[in-house]
Amino acid sequence: MLDQFLHKNGQKAAAPPGRKIYAIGDIHGCARLLDALVAKIEKDARGLENARLIFLGDYVDRGPDSKGVLDRLIELQAGEPATVFLKGNHEAVMLDFITDPNQMLHWLDWGGEETLTSYGVRNVLRRSPEDLGAELAEKMPGAHLDFLHSLSLTHIEGDYLFVHAGLRPGIGLNDQIEEDLLWIRRAFHDTPQKERPDYVVVHGHQPLKKPLDAGWRIDVDTGACWSGALTAVALEGEKRRFIST
C-alpha cells in the first residue's frame, strides 16, 4: 500500500479524533447492495451511532431501484441526522430533466430509463419527453425532490475533503464550480503534485475494478451496478481501509 498522505507539516492525514467515517461510493440504483453495505458498516462500527456516513453521490440511474435507494437514504437521514449526502452528476441530470425534459432527453441513455421505471413510469422509449416528465413529477414523492435539492457539493472532515468527482487543479476550493465538482475526471486525476490540494480528496465518479488509494486521493467507485461491489472507505484516526459488498 502507498504511504499515507503527508501534509506540509509532515503529519499523516487523519480523521477527526474519536470519529469513525465511512464514505460510500456510487450506488446507481442498487438498493440491495446499499442495504448490504450499511449492514456491514453497522457491524464494523458497532452501531451507526458510532459512525458518520458520507454518501458521495450518484444514487440514481442504471441500477434497478433508484426509487428504493432514495427511500432508504431519506430514512437514514431521518434516523442519523449527522449523515452527509453529496450531489452526483446523475442527480444533477435528473433534476435538469424534471425542469426541462426536451433539453435533457439524453438522460434516458445514461440510466434514466431505469430510474423512470423504478417510479412506475412505463413504455419509456415510446413516449414524448413532456409526457415522461409530467408522469415522473406526478409519481415522485415530494420528499424525494426535496432530498435531491438539498444535496451538498463538498464536505470536509479533518484532513479529508469529500466530493463526487474531484477538483479543478490550481483553483482554490471556494472558487471551484459545480460542473467540475460533479463531472471532472482526467484533469483531476492527473493533477501535478505541486497543484494537489491540502486535503486528501475522497471521491467516486470514476468506476474501477478495485477501490484506489493513491495517497492524495481515494476513489471508492467500484461500478456497483455492473460489478455487484458497492464500496466504502473507512477512516479512523490515521487509518484507512475499504469495506465492500
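The values are calculated or read from the model by the stated rules, or taken from the named source; none is laboratory data. Computed from a prediction, not measured in an experiment: that's the story for all the values here. Using ideal geometry, Cβ is built from the backbone for each residue, glycine included, and neighbour counts are taken over all protein chains shown.
Just a few scattered comments:
- Residue check for residue 208: modelled with pLDDT of 95 or more, under 24 Å from residue 77 (Cβ atoms) and under 17 Å from the mean Cα position of the chain (by Cα): no
- Checking the stated criteria, residue 188 turns out to be out of contact with any strand residue (DSSP E or B) (no Cβ under 6 Å at 6 or more places or on another chain), at pLDDT 95 or above, crowded, with 18+ Cβ neighbours inside 10 Å and among the aromatic types (Phe, Trp, Tyr).
- Restricting segment 101-133 to residues that are in contact (Cβ under 8 Å) with a residue 24 or more places away in the chain and of a type in the set (D, E, K, R), the residue that is farthest from residue 26 (Cα to Cα): 130
- Selection status of residue 41, touching a helix residue (DSSP H, G or I) at 6+ places or on another chain (Cβ under 9 Å), more than 24 Å from residue 160 (Cα to Cα) and surrounded by fewer than 21 Cβ atoms within 10 Å (Cβ to Cβ): no
- Number of positions in segment 197-208 that are within 14 Å of residue 26 (Cβ to Cβ) and part of a loop (DSSP other than H, G, I, E, B): 5
- Among all positions in segment 94-115, there is at least one residue which is farther than 27 Å from residue 158 by Cα, buried (at least 24 other Cβ atoms within 10 Å of the Cβ), among the polar types (S, T, N, Q) and more than 14 Å from the chain's Cα centre (by Cα).
- Among the residues making up segment 43-96, those that are more than 19 Å from residue 221 (Cα to Cα), hydrophobic (A, V, I, L, M, F, W, C) and not in a helix (DSSP H, G or I) are 51, 82.
- Condition check for residue 165: crowded, with 17+ Cβ neighbours inside 10 Å, out of contact with any Cys (no Cβ under 7 Å at 6 or more places or on another chain) and farther than 20 Å from residue 83 by Cβ: yes
- Hits in segment 116-142 - residues which are under 24 Å from residue 74 (Cβ atoms), acidic (Asp, Glu) and surrounded by 13 or more Cβ atoms within 10 Å (Cβ to Cβ): 135
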